[in-house]
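One structure below.
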Amino acid sequence: KWKIRRGDKVMVITGKDRGQTGIVSEVARKRNALYVRGLNLAFKSVPKSKESPSGKIQKEMPIHVSNVALIDPSTNQPTKVYIGKFVDPESGEKQSMRYSVSTGTVIQKNIDLTYQKEWKDGSMDTDPDVVNKVTFQSVPGVPPFPEDVMREIQNRYKKHY
């Protein structure tokens, strides 16, 4: 299980951006890599346009997960993290929490909702009033489809009606 998530504050511990801190913008688990906002920038060649008249843009490149360390919120220093079980005394519910190895403080899971600011309703989006409208009223004892259709779609080995 990964201990670093999107929205976490991390410090780069090796590489050209060593010692710099940033917020994780994307996690690529298949590549074991993270994208950190404003760090590990590289120039990429793109076709010339109005946005990039020189044909080059700066782009964040991935950083391997072993080259970053999570920041302890109490000391603002990089720390190792372990996942421990926590039982909520009020509800008795078990949860997995991230703890700092050096100080033992809980590292909360940040919920990154910055992408929601960019949401815009488009022409293909359904109006909320239409979504909430009830369009089918079931009748008890009557199947929702005709008998011949029900015979085709039903499981032969398990009777639903």
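The values are calculated or read from the model by the stated rules, or taken from the named source; none is laboratory data. Since we're looking at a predicted model, the values are computed, not measured. Cβ: placed from backbone, ideal geometry, glycine included. Neighbour counts: every protein chain shown. Please note that ligands, DNA and RNA were not included when accessible areas were found on the heavy atoms of the full protein model with its side chains. Shrake-Rupley method; radii C 1.70, N 1.55, O 1.52, S 1.80 Å.
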Suppose we filter the stretch 48-57 for residues that are surrounded by 12 or more Cβ atoms within 10 Å (Cβ to Cβ) and of a type in the set (S, T, N, Q); how many remain? 1
Does GLU60 satisfy being more than 14 Å from the chain's Cα centre (by Cα), open to solvent by 90 Å² or more (accessible area, probe 1.4 Å) and among the acidic types (Asp, Glu)? no
Search the stretch 88-115 for residues being of a type in the set (A, V, I, L, M, F, W, C) and assigned to a strand (DSSP E or B), and hand back the single one that is nearest to PRO73 (Cα to Cα). ILE107
Taking the residues in the stretch 72-82 that are assigned to a strand (DSSP E or B) and not hydrophobic (A, V, I, L, M, F, W, C) as candidates, determine which candidate is nearest to VAL12 (Cα to Cα). PRO78
Looking at (1) open to solvent by less than 50 Å² (accessible area, probe 1.4 Å); (2) over 25 Å from THR105 (Cβ atoms); (3) in contact with a Gly (Cβ under 8 Å, 6 or more places away or on another chain), which one does SER45 not meet, given that it meets all the others? (1)
Select from the stretch 1-52 the residues that are assigned to a loop (DSSP other than H, G, I, E, B) and of a type in the set (Val, Ile, Thr) and list them in ascending order. ILE4, ILE13, THR14, VAL46
Within the stretch 127-149, residues being within 40 Å of the chain's Cα centre (by Cα) and surrounded by 10 or more Cβ atoms within 10 Å (Cβ to Cβ) number 2
Is it the case, given these coordinates, that LYS85 is part of a strand (DSSP E or B), more than 20 Å from ARG6 (Cβ to Cβ) and either modelled with pLDDT under 90 or open to solvent by less than 70 Å² (accessible area, probe 1.4 Å) (or both)? yes
Take the residues of the stretch 88-126 that are open to solvent by less than 80 Å² (accessible area, probe 1.4 Å) and of a type in the set (Asp, Glu): which is nearest to LYS9 (Cα to Cα)? ASP112
Could you tell me whether any residue of the stretch 61-69 is under 21 Å from THR114 (Cβ atoms), free of Cβ contacts under 8 Å to residues at least 40 places away in the same chain and in contact with a strand residue (DSSP E or B) (Cβ under 8 Å, 6 or more places away or on another chain)? yes
What tally of residues in the stretch 1-39 results from selecting those that are open to solvent by 50 Å² or more (accessible area, probe 1.4 Å), within 20 Å of SER96 (Cα to Cα) and touching a helix residue (DSSP H, G or I) at 6+ places or on another chain (Cβ under 7 Å)? 1
May I ask you to say which residue of GLY15, GLY7 is more than 23 Å from TYR82 (Cβ to Cβ), in contact (Cβ under 8 Å) with a residue 40 or more places away in the chain and among the small types (Gly, Ala, Ser)? GLY15
Hey, does the stretch 100-119 have a residue that's touching a residue at least 24 places away in the same chain (Cβ under 8 Å) and of a type in the set (Gly, Ala, Ser)? yes
